[in-house]
Amino acid sequence: MKEKVSINKREFYQNLTRLALPFSLQSLMLASVAAGDALMLGKIAQDEMTAVSLATQIQFVQNMFLGAATGAGAILGAQYWGKGDKHTLEDIFNIILRFCGIISLIFFLACELTPGPLMHIFTSDEALVAIGSSYLRIAGWSYLLTGVSQCYLAMMKVSDHVKPGALISSSAVLLNLCLNAIFIFGLFGMPKMQARGAAFATTLSRIIELALCIIVSAKASYIRPAFGRFFKLPKQLTADFVKQCLPLMGGSLCWGVGFTSYTAIMGHMGTDAAAANSVSAVARDLICCMCNGIGSAAGIMVGNELGAGRLELGKAYGIKLKNISYLIGLISTALVLAVTPLVINMVILTEQARNYLIGMMIILSVYMIGRCVNTVTINGVLDGGGDTLFDMYSLIVSMWLIAIPLALVGAFILHWHPLAVYACTCLDEVGKIPWVMIRFRKYKWVQDLTR
């Protein structure tokens, strides 16, 4: 029986803070773009806000593919960085860059050529379809660039350049918010472009973000694509990448398409329910930034120790981080309830939409406990050790076999109240906590993935 490893608490919390704060800030900045769009467009008209919220679901789905590729790269990258193998990290960069480039091109073409059919997935209201289509034709160009910049940022995360990566993302988001105000409201002599203005702001900020990534990564200590080996990738490393990527992609798509389905279901329950759901989604994403940051930090901290061969210490780190996730969940629940009055009064909504939003925020407060625990435990600790299959299995059962069927039946057959349907869409995270804990305690994630 192996002796239990004790954690140096000071070192542990220093590392957690060093990694989690930039990740949380980066997540907050990214969520702030959606919040900025909602708040600014919400000051103009409910339809403008709702249409853009629905249209951005396309990028949300794209991010599921990109997240799977960069996530697999980060899992392997964190372990190879812990091992000190920079050459292999360059090959990993090549692999994820090729994959993300192809995905970004596909989504760009879809937004440029078929924006109307894409919008009809989420709503049958022709006014919303028209506004959303005009948004997608412009924002599609930003989707083309996002894949490349995300590869650079992923490599910064695993190679001790977390702060520069977070600074780049944060700068791009702040620029996006400023440009949002200028183009949406027509400041400084610019025309008042409303939804199309939000799309222009997003595209210009993505151009700047990619340029900063390339410039900063030119420094000697950074990992860059090895273009001389771009089409000569090691077969074994590619196989290792695919082994990690496919479950992550399955899990990401199950989760991403599931969340998009939730949005589509609520979108078909009327403009008031869709508007309230759009605002609650923004609040959810902002408050989830803390658990997202700790989840990302957990994956790197656990991965570094496992890749360096310190399996027992990596296991101890994982247990500690899992326990912290419950505390973060309770804090997030309190935050949702505390900001509810503020959220309700920040956008223009009909009286019916306001009532829906109050109920959604109360339901969301319970949901946050499950979301935080699962984000840190599954997407952080389990993924850090390469146990990526469980996420997909759990989502298939909890989301696709329980939550989505219940929401569909409630919305379109039994005609439940919108809040009852919304509650169905929040079942998956809370309901699977016991299953997640059982999987965690099997410790299949305690493994060294390097060669």
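Odds and ends about this structure:
- Net charge of neighbours whose Cβ lies under 15 Å from the Cβ of His268, counting Lys and Arg as +1 and Asp and Glu as -1: -3
- Rounded if a/c under 1.5, otherwise prolate or oblate - region 80-127, Cα gyration tensor axes: prolate
- Over 16 Å [Cα-Cα, region 205-310], rounded percent: 80
- Shape category assigned to region 293-334 from the gyration tensor of Cα positions, a/c cut at 1.5: oblate
- Restricting the calculation to Cα atoms, every distinct pair contributes to the Kirkwood radius of the chain, found to be 22.2 Å.
- Take the chain with all the other protein chains still there, run a 1.4 Å probe, and you get 40 Å² of accessible area per residue.
- Under the Debye formula (equal points on every Cα, no solvent term), log10 I(q)/I(0) of region 10-150 at q = 0.11, 0.12, 0.17 Å⁻¹: -0.54, -0.62, -0.99
- When the alpha carbon gyration tensor of region 345-444 is reduced to an equivalent ellipsoid, the three semi-axes, largest first, read 31, 17, 9 Å.
- Virtual spin-label span in nm between Lys243 and Met437, 7 Å along Cα→Cβ: 3.2
- Report summary: the helix-based calculation at 222 nm, which adds -39500 (n - 2.57) for every DSSP H run with n ≥ 4 and divides by the residues of the chain, gives -26500 deg cm²/dmol.
- Arg229-Lys192 FRET efficiency (beta carbon distance; Förster radius 45 Å; 0.05 resolution): 0.35
- Pairs from Lys235/Lys322; Lys163/Lys444; Lys86/Lys243 whose Cα-Cα separation, in the structure shown, is over 27 Å: Lys235/Lys322; Lys163/Lys444
- Positive minus negative residues near Leu16 (Lys, Arg vs Asp, Glu; Cβ under 12 Å): +3
- Net length gained if the chain between Leu408 and Arg10 were fully extended (0.36 nm per residue, minus Cα distance): 138.4 nm
- Approximating the spin labels as points 7 Å out from Cα along Cα→Cβ, the Ile362-to-Lys86 distance works out to 5.8 nm.
- Carbon/sulfur fraction of accessible area - the chain, other protein chains in place, 1.4 Å, %: 67
- Positive contributions from Lys and Arg (+1) and negative ones from Asp and Glu (-1), summed over other residues with Cβ under 11 Å from the Cβ of Pro225, come out at +1.
- Kirkwood hydrodynamic radius over Cα pairs of region 400-451, then Stokes diffusion coefficient at 4 °C and 1.567 mPa s, in µm²/s: 98
- Against the chain, whose longest principal axis comes from its Cα atoms, helix 57-83 is set at around 10 degrees.
The values are calculated or read from the model by the stated rules, or taken from the named source; none is laboratory data. Not measured: the values here are computed from a predicted model. Cβ atoms come from the backbone with ideal geometry, glycine included; neighbour counts cover every protein chain shown. Surface areas here come from the heavy atoms of the whole protein model, side chains and all, with no ligands, DNA or RNA. Shrake-Rupley method; radii C 1.70, N 1.55, O 1.52, S 1.80 Å.
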